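Computed from the coordinates by the stated procedures, all read-outs in this text should not be read as laboratory data. Since this is a predicted model, take the numbers as computed values, not measurements. Don't worry about glycine lacking a Cβ; one is built from the backbone with ideal geometry, like all the others, and counts go over all protein chains shown.
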Amino acid sequence: MIIAGVGLSVLAVVLVGILVARKVDGDSANFLVAGRRLGVPLVAASLTAAAVDSNATVGNTDLTSAFGFWSGASLALGLAICLLLTGLFLARPMNRMRLFTLADFYRLRYGRGVEVAASVLMIFAFAILMAGNLVACGFLLEMFLGIDYTQGVLIAVVLVLVYTIGGGMFSDAYTAAIQITITAFATVALLWWVGSTIGFAIPEGMGPFDLEQLTSTDAGAPINWATLISLGIGDIVAIDFMQRIFSAKNPEVARRSCFAGAAGTAVVGVSYALVSLAAVSAFGLDMGDGPVLFSLLADHAPPALTILVLSGIVAASFSTASGAILATSAVAVRNIIGIRRVAPVAAGDGRDPLLRWTRLAMIPVVVLGVTVALEVAQTGILLTLAFDLMLACLVVPFLLGLFWRRGGTRAAVAAMGTGLVVRLGLFVLTPTMYGVPNDIAYLPNSLVPASFDGWPTFYGGLASLVAYLVAAFVWPRTVTEEAWAIADGMPAQDEADAEARRTAGAAPPMR
């Protein structure tokens, strides 16, 4: 019964995604950025669905049950902070630039070499993000249907791929509207059931007002702050978030959608963290026996509620995976291979190589994501690791490149290279990662203790910032780079217009 109910919701999402695929009309602009025609409801829904994924629900409840409210809720609150900051400072200028991918910014601001390097890092990070959502789906099918974990991951990725490969951003946006509606009802129903049955008792020292979780190293403060910073700032360069911002029909729509997404993400994240604490207090659940939320639903919740909540988790996971597949494939084809858009003469005339090759690239992209999901069966940890890397390498060149004119290509390379070396170096030397054993790439040593966990996030970002500033003052941007630079709010009508300016060697108009 449970799987039948969840299956119906998944079928509805897939069918809607397939039906709206006809809106693509053979044009990569429609496929990648929905023709830049989406309004607030669809953009806000897709941003919220991307943020409220399995990491912000399943991963959130696991970490909360083990380490307290701030350990788990920080996953969702960090993403909410990211959307809030993006709405305040970035949504308008980024939408105004009319880019197709975030990696386009790095090319126009720093040149082709930085574009390729940034694209490789983005693809690696989003393969990890995609994997985190596939992990949750794999665990769900294993626990509730008895399907092998590996088979569950493969089933999930095939279903997502079916509608994403057809409709791109249109399918992602319309299915997100369904997905976030299910998630909203599921959250309200879960809160009501917990409150009316077991109550919201909180174990000592683990609640939202037990602020030693944010002030004491022994209570995990460095890790909790690292999560907030990694997601709140590192996620600013999330290619799936930006893809949705580019799809908004104007800068104000993009801005308002970010604020709506931030509010929705925060509410859902806090709700699931409180539910986890109640489950720990009432039933003594912990993630040693599998995801805490799944254990609560399987062993204690009524079937109707279980169906609703699981449908919301699967739907949100599908949305995030869909956005990651789309954005990653576009970056691989457009920004690494260098294939550009050719506007079709007529609908479906097949002349747009960017559309054709982006669809084909989705196959190796999902293979990469599945490989990570099978090797590292974690949820919330994978999300944080992905954006730790983005924070250490890409955030500084993006933000300073957008708002400060002095730094050029060498500053960006210095920031990316230094951040990458420092972050990966500290990663392999630290025995734990966000409170769990580092079983991925730990090199046994006596230099770095487990208490250092969390601090590598700050050192990676700080090293990147220092490297950019030093290089910018030593090697200011050259005249050639100035001509190529993208101005804040550049009024190009499409990316081809920007490319024409660059090829001609003329500086874009400055405000």
### Query
Taking the Cα centre of region 2-388 as origin and charging only Cβ (+1 Lys, Arg; -1 Asp, Glu), how large is the dipole, in debye to the nearest 20?
2140 debye
### Message
Can you give me the distance in nm between label points at residue 371 and residue 116, each placed 7 Å from the Cα along the Cα-to-Cβ direction?
### Response
2.0 nm
#### Entry: Shape box of region 176-234 [Cα atoms, principal axes, largest first, Å]
39, 33, 11
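So what is the relative contact order for the chain, in percent, with contacts set as C-alpha pairs under 8 Å and at least six apart?
Rounded, it is 28 percent for the chain.
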### Query
Contour minus end-to-end for residue 360 and residue 162, with contour as 0.36 nm per residue of separation and end-to-end as the Cα-Cα distance?
70.0 nm
### Task
Would you please state which residues of region 352-368 a label at residue 148 would reach in this model, taking the label point 7 Å out along Cα→Cβ and a backbone N cut-off of under 14 Å?
none
#### Entry: Rg in Å to one decimal, and Dmax rounded to a whole Å, for region 124-200 via C-alpha atoms
15.6, 45
### Task
Take each of the peptides 185-197, 264-276, average the number of other beta-carbon atoms within 10 Å over its residues, and list them starting from the highest.
264-276, 185-197
### Task
Would you please give the residues with an amide H less than 5 Å from that of residue 394, counting only those at least 5 places away or on a separate chain, with H modeled from the backbone geometry?
none
### Total formal charge among the other residues, if their Cβ is under 13 angstrom from that of residue 86, Lys/Arg +1 and Asp/Glu -1
+2
### Message
Given the options 267, 55, 474, identify the residue whose Cα lies farthest towards the positive end of the charge dipole of the chain (+1 on Cβ of Lys, Arg; -1 on Cβ of Asp, Glu).
### Response
474
#### Entry: Ellipticity estimate at 222 nm from DSSP helix runs (n ≥ 4, -39,500 (n - 2.57)) divided over the chain, nearest 500
-23000 deg cm²/dmol
### Message
In whole Å, what are the extents of the chain along the principal axes defined by its C-alpha atoms, from largest to smallest?
### Response
68, 57, 37
### Summary
Descending packing, highest mean Cβ count within 10 Å first, for 385-391, 441-447 is 385-391, 441-447
### Task
Quick one, can you get me the convex hull of the C-alpha atoms of region 388-438 expressed as volume per residue in Å³?
59 Å³
### Message
With angles folded into 0 to 90 degrees, how steeply does helix 353-375 sit against the dominant principal axis of the chain? Use alpha carbons for both and round to 10.
### Response
40 degrees
### Query
Roughly how many Å is it from the Cα centre of region 152-202 to that of region 384-423, as a whole number?
33 Å
### Message
Treating only the Cβ of Lys, Arg, Asp and Glu as charged (+1, +1, -1, -1), what charge dipole size does region 177-310 show about its Cα centre? Round to the nearest 20 debye.
### Response
740 debye
